[in-house]
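What follows is calculated from the coordinates using simple rules that are stated; it is not laboratory data. Please read these numbers as outputs of a predicted model, since none were measured by experiment. Cβ atoms come from the backbone with ideal geometry, glycine included; neighbour counts cover every protein chain shown.
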Amino acid sequence: MDQVRNEVEQVFRNVFGDDELVLRDAMTADDVEGWDSLTHINLIIALEKRFGIKFATAEISRMKEPGQNVGHLIASVAAKRR
Amino acid sequence: MNVCSIEWLVGLLAVSVVFFVLPGTRVRQGIFLAASVGFVATQVPDPAGWVGLTAFLAAGFFVARALQRRPGRWLLVGYLVALLAAFVVLKQYAFAKAVLPAALFAHPIAIVGLSYLLFRQIHVAVDAFQGQIGVLTPGRYLAYQLNLFGITAGPIQRYPQFCEDWDRMEPVLVDGEAILRAYRRVFLGVLKVSVFAALCLAGHERLSAALVVTGEGAIASQAKTMLWFMGAFYLYPAYIYFNFSGYCDIVIAGASLLGVRMPENFDRPFIARNMIEYWTRWHRTLGFWIRDYLFTPLYRAIASRWPERAASMAFACYFVALFLTGIWHGSTWNFVIFGLLNGLGVAAAKLWENHLIATRGRKGLKEYLADKRIRVVAVVANFHFVCLTIFFFPSDLERSILLLRRLLGLA
């Protein structure tokens, strides 16, 4: 899980152009500068490429719903990677 | 029968009083489904309408089941193409009639709630293909598609969310106060539709009727023409808002009384600062559907293949998505203009944001968005742009153009 977290963090840094970005589980889109609907899709595409996984349309929209956070995103990536 | 009719309201109140006194989930499901079918029966005009509706629903169900068992891309693509082609022919789109053989449109089939059935069919097919649908049975599917609280004009609920409530069929309102709030909301909805919307429409009709008079009896002064025009300009959006949000109040509160949580459809739309934000506040379930099933796949396809072009193509994706949303609203030419304006509005909002990021950086954009004076100007400007888009909502395009010509002193 730690390895997945580190790799997801690296993807975030590339997508949002912030080399000092540190992920916390409780983080949401409001806590990351520039995380809007468009960069959300860019982030998903980058994660799919990095991990060789595929997210469904419903999963992508669920990730931006209230109550969802970075911790859930990392868990989804880890679950799909298995 | 409409949701403001005495029959519908009395029926809702009567069923809501006894619904959870009835024993067992299956009995409640049966009554819910029977009520939905009964409501649909009042809307279907003739046997051809029943045949069309049955074929539409059966095709959607069997294709979704097939996609669940074996997710074939070509089956999905073929079904979506056939579905959209059937939709265009059944809706009798004016622009399609201009280019396709007339024989295609010489049919008597009118399917109740077709526009909203289309969204739910696409959602179920795509999500079934992607393994996101769960248990799909004829009963659940029928109840979802014919749900009397969403069949005619939304809100567009997703299948998994509907099934959460359908499987339990238990009260979702936690106490007496919540139940009272739901009844109050039904009443407020009736008030919005029957009084406020009706008054706004009557005012709009009166002013615009006076404006189109030419020759003897025409409004003489330009100042009065301007005043009458502005009245008509603001009253029509007010009518649409009261009518649609009132309808949504009735169906959302009504559904909650029977244990079904329909998604909210409005969130103070006239305080949006641009057209992208507007579509997350007005007819929200449509805006989110468009985001998930039109904008995201389109942008994703471009960004995956040509990442270097993605940023510059985003505004084009916004335009296409909202243009199609506009023309989905109706089959006449005025909706093409409505779609074009909405497409241009969201594309311009995205281009402006890109410009701000390029010239001020992300930090500068944040400061810009936090500035209260800029926000007020943006909200007022966007409100007027929204009114302009809705100006083309009435299907009589000639009349809308004549009103504009009167304002400009050209008629």
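Annotations
- Under 5 Å, built H, 5+ apart or other chain: amide partners of B:GLY259: B:VAL172
- Volume per residue for the protein assembly as shown equals 191 cubic angstrom (convex hull of Cα atoms).
- Summing Lys and Arg as +1 and Asp and Glu as -1 over all other residues whose Cβ lies under 12 Å from the Cβ of B:GLN29 gives a net charge of +1.
- With the simple spin-label model, which puts each label point 7 Å out from Cα in the Cβ direction, the B:ALA202 to B:THR54 separation comes to 4.4 nm.
- Neighbourhood net charge (10 Å Cβ-Cβ; Lys/Arg +1, Asp/Glu -1) for B:PRO269: +1
- The magnitude of the dipole of chain B, with charges of +1 and -1 set on the Cβ of Lys/Arg and Asp/Glu and taken from the Cα centre, is near 1040 debye.
- Förster radius 56 Å - calculated FRET efficiency between B:PHE95 and B:ARG261 (Cβ-Cβ, nearest 0.05): 0.90
- Cross-link check: pairs A:LYS54/B:LYS366; B:LYS350/B:LYS372; A:LYS49/B:LYS350; A:LYS64/B:LYS366; A:LYS49/B:LYS91 evaluated at a Cα-Cα cut-off of 30 Å; pairs beyond the cut-off: A:LYS54/B:LYS366; A:LYS49/B:LYS91.
- Inter-centroid distance (Cα atoms) of the range B:352-385 relative to the range B:241-265, Å: 33
- Relative contact order [Cα under 8 Å, 6+ residues apart], chain A, whole percent: 37
- Placing +1 on the Cβ of every Lys and Arg and -1 on the Cβ of every Asp and Glu, with nothing else charged, gives the protein assembly as shown a dipole about its Cα centre of roughly 580 debye.
- Aspartates and glutamates whose Cα lies under 18 Å from that of B:LYS97, excluding same-chain neighbours fewer than 8 positions away: B:ASP396
- Listed by chain and number, the aspartates and glutamates whose alpha-carbon sits under 14 Å from that of A:LYS80, ignoring those within fewer than 8 places in the same chain, are A:GLU48, A:GLU59.
- Fluctuation leader among B:PRO23, B:PRO71, B:PRO138 - chain B, Gaussian network, Cα springs under 10 angstrom: B:PRO23
- Principal semi-axes in Å for chain B [√(5λ), Cα gyration tensor, largest first]: 36, 28, 24
- Between B:ARG185, B:ARG158, B:ARG70, the Gaussian network model of chain B with springs among Cα atoms under 10 angstrom shows the greatest mean-square fluctuation at B:ARG70.
- Report summary: the helix-based calculation at 222 nm, which adds -39500 (n - 2.57) for every DSSP H run with n ≥ 4 and divides by the residues of chain B, gives -23500 deg cm²/dmol.
- Chain B: relative contact order as a whole-number percent, Cα under 8 Å and 6+ apart: 16
- Net charge of Cβ neighbours under 13 Å - reference B:CYS4; Lys, Arg +1; Asp, Glu -1: -1
- Across the range B:176-257, the mean sequence separation of Cα contacts (distance under 8 Å, 6 or more residues apart), normalised by length, yields a relative contact order of 53 percent.
- Comparing mean-square fluctuations of B:ILE357, B:ILE109, B:ILE122 from a GNM of chain B with C-alpha springs under 10 Å, the top value falls on B:ILE357.
- Separation in nanometres of the label points that stand 7 Å from Cα toward Cβ, at B:SER395 and B:LYS363: 5.6
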